Number of protein chains: 2
Amino acid sequence: MPELRKDPITREWVIIATERARRPDQFNHKRQAEIVVTKDHSTCPFCPGNEAMTPPEVLAYRPGGTAPNQPGWTLRVVPNAFPALNLESSWGRRDAGIYDTMGGYGVHEVIVEHPDHQQEMWTMDDQAVEDILWACRDRYVDLKRDDRLLHIMIFRNHGRVAGASIQHPHSQLVGTPFVPQMIWHELQGAQQYVDYRDTCAFCDVVQDELRNGERLISANDHFVCVAPYASKVPFETSIIPKRHNGCFANMTREEVRALASILKDLKGRLAACLDDPPYNHTFHTAPIREENNPHFHWHLSILPRLTIAAGFELGTGIYINVTPPEEAAHYLRETTLPSDKRGAG
Amino acid sequence: MPELRKDPITREWVIIATERARRPDQFNHKRQAEIVVTKDHSTCPFCPGNEAMTPPEVLAYRPGGTAPNQPGWTLRVVPNAFPALNLESSWGRRDAGIYDTMGGYGVHEVIVEHPDHQQEMWTMDDQAVEDILWACRDRYVDLKRDDRLLHIMIFRNHGRVAGASIQHPHSQLVGTPFVPQMIWHELQGAQQYVDYRDTCAFCDVVQDELRNGERLISANDHFVCVAPYASKVPFETSIIPKRHNGCFANMTREEVRALASILKDLKGRLAACLDDPPYNHTFHTAPIREENNPHFHWHLSILPRLTIAAGFELGTGIYINVTPPEEAAHYLRETTLPSDKRGAG
């Protein structure tokens, strides 16, 4: 069973995967470039017809009304077969001398975004992208009823360098029995900004970036997409809602549609501008019990994985970014989206 | 000139390298596996005879008394030819509307550890490893006289995956005009531990790990080497001095010798156990103006780069470690050091 451990100095939690422990000879760092992501439909656990290769689904969109765990779905959510945390682990603190630990209670699910193995977010039709967002919301709303979970992180890994081992388009969701340190840190930072300036930091950023325009990539009625002023990595982008709202699951129907549109557009721009880069995207939403915290403002962060964090970054937390965000925004704005890749939307 | 920018929410600084800005077509992420590190002596800027390929040296150990910037050195420190921060940049805050910024004032040096391109820390003789530590100390003592610098981070990148682009053995040093966020965070954590328990967290860890033994890799009169209880990555290790001391530059001569010995031994164990893994090591030492802070306890952190941090890690700060530290310590303790690789020591 996985175990949660807290660093005595930094107070940061780590997940120790005690069950699927890897031995020294199982890392093969010298042959990493040879590791093949699952590209073959017959062995892909997320392809239609292979439903038995995953744990039973917890949600599926089946317009034709087909039976669970059979083909016919347009989107499918299943428990992760190799979960970081799981519902069978114990919940709550344990004694560990000078250290802090707790059981690896939590949830880890996979959102299989589309039946077609070859689709990317920017090639899907608009409805499919909207459906991904609805599925994230549906699972969030269901899981938050478990009062042992304090936060739900939804994220997407694209490309091997970004940690994806399966090519088939999918997102993931991890519910934790504590508030992750980075979310907590953002919540504190947002609070300090309010204390100091009496306004929301994110609302200020939205206004400033719309007015300034230098770092603006795109905008619609409900969202702005920017290269953040203090971008950690080249071509980092943030999608921020114009409406002050702490929890992504409180989006209106119109906002979901607007997010799908700006997200698909951004993914197309990144792919065209940077030759389909590896990236991670992460939903920064308030802790479940802080959904109505007046200081937080949810947002989506997209980090292309074009450079390597080395000793300086790992030791200090200071990133060296070799592409100023103003230039990144310029390139992404000027990118021509190949219309043949834009899908039906 | 590089520019420092602060994130308005997390209050974390980033370095924006405005001069050597990389364009979209300069990342070549699809051909990363083909990137060759500088292995050829004739093109290696750190090999003897190629001294003119680096900026003029700021320190060199020349037992034969040879002329500066000529062969004959056993160790050489030069300014980084592509510095993250530099002394020509302005120092101090600037106005940037709702954002915070300052000039990229700072220092970035390279410690060329050995004249022989092929040596590794575990193959050098003991004196050479001691000399590396003395050189780090010499540069620290010299640089701390600049009262615009508030911290000096010394680190080492080994292997391409860990960010090294040159194979020749070298460490680096970056002096910043602010205290890096992670050092600040550790200082705060150490303070909170003292406030709560009235003892030093690191002293407690040293005592506990020596008594428990499960996570102990090695120890000598002055240092312990452990796999930390809350290791973020497989085979993470920390070397912690037994004596409570905030600043690595305050080591005694005997402590320097003991550190060289335990560090060389650990690097040999990692290389033998994990087939010469890529890694970063970082010196966590107190901020310059906090050298005598009674709460901090300097230490050395070694992070092998065997796994990839993906969206979950980047979004939450929570690492999923697939090798429990107790198992990592066991493997590293049991590793047989190939005597033919142990050099003269």
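The values are calculated or read from the model by the stated rules, or taken from the named source; none is laboratory data. For clarity, every value in this text was computed on a predicted model and none was experimentally measured. Note that we place each Cβ from the backbone using ideal geometry, even for glycine, and neighbour counts take in every protein chain shown. Keep in mind that these areas ignore ligands, DNA and RNA; they rest on the heavy atoms of the full protein, side chains included. Shrake-Rupley method; radii C 1.70, N 1.55, O 1.52, S 1.80 Å.
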Q) When you go through (1) open to solvent by 40 Å² or more (accessible area, probe 1.4 Å); (2) assigned to a helix (DSSP H, G or I) one by one for B:L187, which number turns out not to apply? A) (1)
Q) Which members of segment A:1-37 meet the condition of being more than 7 Å from chain B (Cβ to nearest Cβ), open to solvent by 90 Å² or more (accessible area, probe 1.4 Å) and either closer than 17 Å to A:H108 by Cβ or at pLDDT 80 or above (or both)? A) A:M1, A:E19, A:R23, A:D25
Q. Just one of the numbered conditions (1) part of a loop (DSSP other than H, G, I, E, B); (2) under 17 Å from the mean Cα position of the chain (by Cα); (3) within 11 Å of chain A (Cβ to nearest Cβ); (4) of a type in the set (A, V, I, L, M, F, W, C) is not true of B:L270; which one?
A. (1)
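Within the group B:R289, B:R253, which residue is among the basic types (K, R) and either free of Cβ contacts under 8 Å to residues at least 24 places away in the same chain or touching a strand residue (DSSP E or B) at 6+ places or on another chain (Cβ under 6 Å) (or both)?
Of B:R289, B:R253, the one residue that is among the basic types (K, R) and either free of Cβ contacts under 8 Å to residues at least 24 places away in the same chain or touching a strand residue (DSSP E or B) at 6+ places or on another chain (Cβ under 6 Å) (or both) is B:R253.
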Q) Going by the structure shown, is A:Y140 within 13 Å of chain B (Cβ to nearest Cβ), hydroxyl-bearing (S, T, Y) and part of a helix (DSSP H, G or I)? A) no
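Okay, residues lined up against (1) open to solvent by 30 Å² or more (accessible area, probe 1.4 Å); (2) outside any loop (DSSP other than H, G, I, E, B); (3) not small (G, A, S):
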site	(1), (2), (3)
A:A258	no, yes, no
A:T307	yes, no, yes
A:E313	no, yes, yes
A:L332	no, yes, yes
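Residue by residue, here is whether (1) at pLDDT 95 or above; (2) farther than 27 Å from B:D204 by Cα; (3) crowded, with 22+ Cβ neighbours inside 10 Å; (4) of a type in the set (A, V, I, L, M, F, W, C) holds:
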site: B:A271; (1), (2), (3), (4): yes, yes, no, yes
site: B:E290; (1), (2), (3), (4): no, no, no, no
site: B:F296; (1), (2), (3), (4): yes, no, yes, yes
site: B:P304; (1), (2), (3), (4): yes, no, yes, no
site: B:I318; (1), (2), (3), (4): yes, no, yes, yes
site: B:P325; (1), (2), (3), (4): yes, no, yes, no
site: B:S339; (1), (2), (3), (4): no, yes, no, no
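Taking B:E254 as the residue in question, decide whether it is within 10 Å of chain A (Cβ to nearest Cβ) and of a type in the set (D, E).
Spelling it out, it is not the case that B:E254 is within 10 Å of chain A (Cβ to nearest Cβ) and of a type in the set (D, E).
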**Q.** Among (1) surrounded by 19 or more Cβ atoms within 10 Å (Cβ to Cβ); (2) away from chain B (no Cβ under 14 Å); (3) touching a Ser or Thr at 6+ places or on another chain (Cβ under 8 Å); (4) closer than 30 Å to A:E254 by Cβ, the one test that A:G72 misses
**A.** (1)
Q | Selected residue (only one of B:Y140, B:Y196 is hydroxyl-bearing (S, T, Y), modelled with pLDDT of 95 or more and surrounded by fewer than 22 Cβ atoms within 10 Å (Cβ to Cβ)) | A | B:Y140
Q: Specify which of the listed residues (A:T282, A:T316) is free of Cβ contacts under 8 Å to residues at least 40 places away in the same chain, facing another protein chain (nearest Cβ under 8 Å), of a type in the set (V, I, T) and touching a helix residue (DSSP H, G or I) at 6+ places or on another chain (Cβ under 6 Å).
A: A:T316
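Of these, B:V205, B:V194, B:V233, which one is of a type outside the set (S, T, N, Q), farther than 19 Å from B:I302 by Cα and within 14 Å of chain A (Cβ to nearest Cβ)?
Every option except B:V194 fails the conditions.
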Q) Looking at this structure, is B:T176 open to solvent by less than 10 Å² (accessible area, probe 1.4 Å), within 12 Å of chain A (Cβ to nearest Cβ) and not acidic (D, E)? A) yes
**Q.** Filtered residues of segment B:159-173 (kept if outside any helix (DSSP H, G or I) and either open to solvent by 20 Å² or more (accessible area, probe 1.4 Å) or more than 10 Å from chain A (Cβ to nearest Cβ) (or both))
**A.** B:G159, B:G163, B:S165, B:I166, B:Q167, B:H168, B:P169, B:H170, B:Q172
Q) Could we say that A:T123 is in a loop (DSSP other than H, G, I, E, B), among the polar types (S, T, N, Q) and buried (at least 17 other Cβ atoms within 10 Å of the Cβ) here? A) yes
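Yes/no per residue for (1) among the acidic types (D, E); (2) in a loop (DSSP other than H, G, I, E, B); (3) touching a Lys or Arg at 6+ places or on another chain (Cβ under 9 Å); (4) crowded, with 19+ Cβ neighbours inside 10 Å:
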| position | (1), (2), (3), (4) |
| --- | --- |
| B:P63 | no, yes, no, no |
| B:P68 | no, yes, yes, no |
| B:A84 | no, yes, no, yes |
| B:S90 | no, yes, no, no |
| B:T101 | no, no, yes, no |
| B:V110 | no, no, yes, yes |
Q: Please tell me if B:M153 is open to solvent by 60 Å² or more (accessible area, probe 1.4 Å), touching a Gly at 6+ places or on another chain (Cβ under 9 Å) and within 11 Å of chain A (Cβ to nearest Cβ).
A: no
Q.
When you check A:N220 against the structure, is it within 14 Å of chain B (Cβ to nearest Cβ) and over 22 Å from A:L173 (Cα atoms), yes or no?
A. no
